[in-house]
Every structure is written in structure tokens, then in C-alpha cells.
Amino acid sequence: MTPVTPPAALAPRQDRKAQWLLIGLAVALTLFIVVVPLLYILWRALSEGLAVFAQNILAPDTLHAIWLTSAVAIVTLPVNLCVGIAAAWLIARFTFPGRKALLTIIELPFSISPIIAGVCYLLLYGRQGLLGPALAAADIKILFALPGIVLVTLFVTGPFVAREVLPLMQAQGSEQEQAALTLGASGWQIFRRVTLPNIRWALLYGAVLATARAVGEFGAVSVVSGAIRGQTMTLPLQIELLFNDLNVVGAFAAASTLTLIALVVLVLKTLIEARTR
Amino acid sequence: MKTRLTTALALALGLASPVAAQDAILNVSYDIARELFAELNPVFAQKWQEQTGRSVTIDQSHGGSSKQARAILEGLPADVVTFNQVTDIDVLAEGGLVDENWREAFPNQASPYYSLPAFLVREGNPKNIDDWDDLAQDGVQVIFPNPKTSGNARYTYLAAYAYALDKNNGDQAAAQDFVKKVFANVPVFDQGGRAATATFAERGIGDVLITFEAETGGIARQYADAKLERVTPSLSVLAEFPVAVVTENAEDKGTAEVSKAYLDFLYSPEAQRVLARNFNRVHDEGITAEFAANFPDVKLVTVEDVFGGWDKVQEEHFAEGGILDTVFVNQ
């Protein structure tokens, strides 16, 4: 690594020392806050050998938790993409009364603790809740089943895509789209040929963040899950459960799986980037 | 994979039609009962198959028993509950989900097994802890969870209190003094029973852990290397583990019959034997004798006899500003 050297006059010796000190500090912090704990998870998961590790991962409840978490991520991603793009487009390209309010509402989940989201859904869709009796009469199950988990995950991951796409759309302005329009392109053509290519990196980044969050969400899901083993336990819930059951190797094995899913998402992002470039 | 995904989705959405000759019930239970019911359920499934020719799957959900009760009130479709607090089933009865005379529906006040707060000490019992008195000594570190959040710890509090009352001929002030001394020896109050266990066994803090006898046996087995030793005090409080059919849900789903059979099964010799093997005390004298080594003699008192019932305990001891608040000085 070659540090960018500013002109000699601007970089006296002390400054360079300070530079190295800061770099060292950043590296040390990253090491101890991020890298070491993650490596430790893997090390603990494998501490009793590969066979025990595999056996823990393949335990039916853990396997189901992996599947459920993936299912939640797969269901929430397209919804997040569509709603995120639509919201960003609406806010960036149009002025209408309530535009600021819409922006605030979209960002609201960022500032609200996930546990509150869970409790809200409980109070709304619960048996004693506002919509509870009507849902029960129609025999529709939302809480303590997949729909409830998907709903709270959507709540928690909602802002990511719009939040990433919106600033870019605003910065780029609408000139290219207007040009396309004057050349006779249809709405769909403009979106596909002009808008989408312009925002693809932001979109991808938002999708990655939203997915990472969907996979890792604990608080909100824990309220609406009902913790039925092998049915409504997502991977984060399963990890806590194994840990509380004094099954440390199982907990770390499950945790390493979650870490692995996160890494796969990151690698995918890098691959797509490399290919599209 | 695709079909599995579709099936699971359909199941999760509640769209799948029930398969013939197949029963499914959900047992919503307290936090630390997983291993116990994982062992009991296959035995019941086999019995049910033999009796009726139908197969049954029993799903389990475990958590703090008050949290579980709350979830059921909001629609968690429990067919049966197996809790460690009478008050949590009372809450369901008030909500109209459980029959209000639920305590008469099964023998022994609907409690198929019971336990008591007991001690677990370090190898060789270096601090010579044999009874509640020893917990109030200077220099003894006592570990149990926070009685504000843990039903387990509330039993510990009541047992210490009952012991002191018994010893001081019912002198309330002396009993409160004693309990205060014990509480002053607790270095950390964890949220729940399992967290306290981790503090004692994993982090190595404290000289004695107080938790249900049913749990001390399991921990001693789990941490065999540490050679932890079980100690049973001379007197303790009987902790009931009540069960009930969640009538409203079971009738809705048509599982009333299998739900009742499942809870009846907990009283059968096979189930009682599994319970006793896991350090839960049972009423069957023959089986108790079989596992006599698990159950040292102890004088058991009930919350009803010493404290006049749970309503009164709640009001006098655990309510805001109650006796617990006056002895719980280092929270």
C-alpha cells in the first residue's frame, strides 16, 4: 500500500506519524471489532471437528431454520425492490403535496426499534387486536406463521432500497429520461433502457443491505414467531435457542451458517459488479 | 426443492388440507422443558398409534412461560400448555381460552409432576453449604436469577422465606431479615434460569446456584467435568408444573380428544418414569422409589399453606412496593 503523499511542504514529519498512528488504530479496531469475533465463531463451530459441525448444521430444526430464513429473504427481496424503486421514482421525479411526509414515513423504520414493529403487528393482527377477530373469522393466519414473519421483515427492511436509490436519482436529474421521451420511447422502454441502468449500483447495494438485514433480523421476528420448533424458528432465533439450551457448538455452527449466507451475498454482489462493468 | 417450498408455503399459510388419520398438536411450554418433551413425545406418539391407529406429531414451542401465555392470547394456536406457573394458565382462563375449572380437569390439581428450589455447589462443597442458613453467611456468593423477571427465582425467594418462617416460629420480621442477608450475597441477578446457570457453570461465578431440582440434575450431568454437586435443603417450596388443554383452540381444530389424551399420558407410568429420570418429582410412590437416588428427603411446604395462595403472594410480596422490594436492596 502506497500512501498518497501530499506535497512535502504540506506534510511535515509529525503529520506522517499521525497518519500511521491513525491507520494503525483503524486496522486494530477493525481487527478486534469485526475480524476476530467472526473468525472466533468459525473456530468455535469447528472446535469439536468437522463431523460434529456437519451434524449440527444438518439437525432438522437448524436445517429448517436455514430454509425459513432463506424463504423470508427470497419473498421480501422482490417486494422491497419494486416498492423501493417506485417510491424513489415518485419522490425524485414528482412534486406533490405530502412528498416530504412520504419520505419521512419511508425512513421511519430506521428510527423505530424492531421490537416496536413486532409489538405493533401483535396488537394489530393478534387475536385480541384490531383486525384479529375478522382474520380469525376468515381463517387467515398471519401471526405465528410465515406471513407474520415476512410482514415484520418487510417493515424492518423497507427503507433500504429507496434510501440508496433516491439520492442517486435526485443527483442525476431527469434530463436523460426526458430526452428518451422526446425520441418517442414508451414508459417501459425509458425505465428499462435509461432509468434502471443509471441506478443499478445503488439498487444492488440497497438489495444487498436489505437482504442482509432480512436474514439477520431478530427482535421483531422474535415477537411474532411463536417459537414453534421446526416451523417458525428463523436462523437468528434458532441460534439464541441453541445457545440457551447450552448447545454451544450447535449455536456457533448455526451462527457460522448465518455468517456464511452474509458472505455469499457479498460475494454475489462483487461478482455481479465485475460482470456488469 | 420447489415442491417442498410450495408445500411449506401452503402449510405456513394454513392452506393445506389435513391428511387423513394424522393428528397434530402444539404443546406450548416453559423455557427449559425442551429435552424433557423431546423425550416424552415419541413415547406418546407410539402409544396413540397403538390405541387409535392414527399417527400424531407434537410440535413444541418453548419460552418464558409468561411470554408464551401472552402469545397464546394473541393467537399462537396452542392445543395444550405445560407451564411452570399456575398464574400463567389462570391468565389464559381469564382470556376465555382455557376452562376456568382447569385445575380439576386432571389429577393432583392438574400438575403431573413437581419440583422445588434446590442447590448446586462446586466440587467437594468447599463452603460447606447444606441448608438455607449457610447462604446468609459472610463470604458466600449465591447465584439465582432476578425474581422480578424469573418465576424460578420467585420460588427461590419464597422457599428461603418459608424456611426462615419455619425456623423463627412464624416471625415475619426475622424472616425478612434473613432473606435480605441472602439477597445481599448475590453478585449478579440474571434475567432467567438458564442465564443464571451460565453465570454459575460457564463463567464460574458464585459458590452456590439455586434453581429447580429438575434443572440441577441436568446441569450436573451437562457439566460432568466440573464435578458440581447437588445439595437438597431441609425445607423447600413445592413448585407445581401445571398443564391444561387450550379448549378454545383444540375444539376449533378438532384436536380436543388427542390433546386430552396427551396430558393424561403425562400421568401414565411410562411418562412418570421419564419425568423421574429427568429429576422431576412425581406422585407415583413406586416410581419415586425406583429413582430414590434422584430425590433426597426434603420437607415440602406449599404456597397455599405458608403464604395463603398465589393471589395473596402477588399482592403482599411481588407487587410494586411489596416485601420483595424491601429485601431486594442490591438490585
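The values are calculated or read from the model by the stated rules, or taken from the named source; none is laboratory data. On a predicted model such as this, the values are computed, not experimentally measured, just so you know. Ideal geometry is used to build each Cβ from the backbone, glycine not excepted, and the neighbour counts take in all protein chains shown.
Summary of computed values
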item: Of all residues making up the range A:193-227, the number that are facing chain B (nearest Cβ under 10 Å) and either under 20 Å from B:Gly192 (Cβ atoms) or surrounded by fewer than 18 Cβ atoms within 10 Å (Cβ to Cβ) (or both); result: 5
item: Selection count, the range A:168-192, where residues are exposed (fewer than 13 other Cβ atoms within 10 Å of the Cβ) and either over 29 Å from the mean Cα position of the chain (by Cα) or farther than 30 Å from A:Pro109 by Cα (or both); result: 9
item: Residues of the range A:53-65 classified as among the aliphatic types (A, V, I, L, M) and out of contact with any helix residue (DSSP H, G or I) (no Cβ under 6 Å at 6 or more places or on another chain), total; result: 4
item: Enumeration of residues in the range A:248-272 that are surrounded by fewer than 20 Cβ atoms within 10 Å (Cβ to Cβ), more than 18 Å from the chain's Cα centre (by Cα) and touching a residue at least 60 places away in the same chain (Cβ under 8 Å); result: A:Val248, A:Val249
item: Residue check for B:Val246: under 28 Å from B:Asp99 (Cα atoms), in contact with a Ser or Thr (Cβ under 9 Å, 6 or more places away or on another chain) and within 14 Å of chain A (Cβ to nearest Cβ); result: yes
item: Restricting the range B:65-79 to residues that are within 10 Å of chain A (Cβ to nearest Cβ) and not in a helix (DSSP H, G or I), the residue that is surrounded by the most Cβ atoms within 10 Å (Cβ to Cβ); result: B:Ala78
item: Residue match in the range B:80-93 (condition: in the same structural domain as B:Asn249 (by TED's automatic domain parsing), outside any helix (DSSP H, G or I), under 21 Å from B:Asp252 (Cβ atoms) and of a type in the set (Gly, Ala, Ser)); result: no
item: Exclusive hit being touching a helix residue (DSSP H, G or I) at 6+ places or on another chain (Cβ under 7 Å), at positive phi and in the same structural domain as A:Ile66 (by TED's automatic domain parsing), set A:Leu258, A:Leu204, A:Leu246; result: A:Leu246
item: Selected residue [modelled with pLDDT of 90 or more, assigned by TED's automatic domain parsing to the domain that holds A:Thr157 and not in a helix (DSSP H, G or I)] from A:Pro97, A:Pro78; result: A:Pro97
item: Set B:Thr326, B:Thr288: member being surrounded by fewer than 13 Cβ atoms within 10 Å (Cβ to Cβ) and of a type in the set (Ser, Thr, Tyr); result: B:Thr326
item: Residues of the range B:219-270 satisfying the condition of being in a strand (DSSP E or B) and of a type in the set (Lys, Arg); result: B:Arg230
item: Residue, nearest to the chain's Cα centre (by Cα), within the range B:162-208, restricted to residues that are under 25 Å from B:Gly124 (Cβ atoms) and polar (S, T, N, Q); result: B:Thr197
item: Test: residue in the range B:122-129 that is touching a residue at least 60 places away in the same chain (Cβ under 8 Å), among the β-branched types (Val, Ile, Thr) and crowded, with 20+ Cβ neighbours inside 10 Å; result: yes
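Every residue, every condition in (1) touching a strand residue (DSSP E or B) at 6+ places or on another chain (Cβ under 9 Å); (2) touching a residue at least 40 places away in the same chain (Cβ under 8 Å); (3) in a helix (DSSP H, G or I); (4) crowded, with 20+ Cβ neighbours inside 10 Å, yes or no:
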{"position": "A:Glu107", "(1), (2), (3), (4)": "no, yes, yes, no"}
{"position": "A:Val119", "(1), (2), (3), (4)": "no, yes, yes, no"}
{"position": "A:Leu123", "(1), (2), (3), (4)": "no, no, yes, no"}
{"position": "A:Asp139", "(1), (2), (3), (4)": "no, no, no, no"}
{"position": "A:Phe144", "(1), (2), (3), (4)": "yes, yes, no, yes"}
{"position": "A:Gly148", "(1), (2), (3), (4)": "no, yes, yes, yes"}
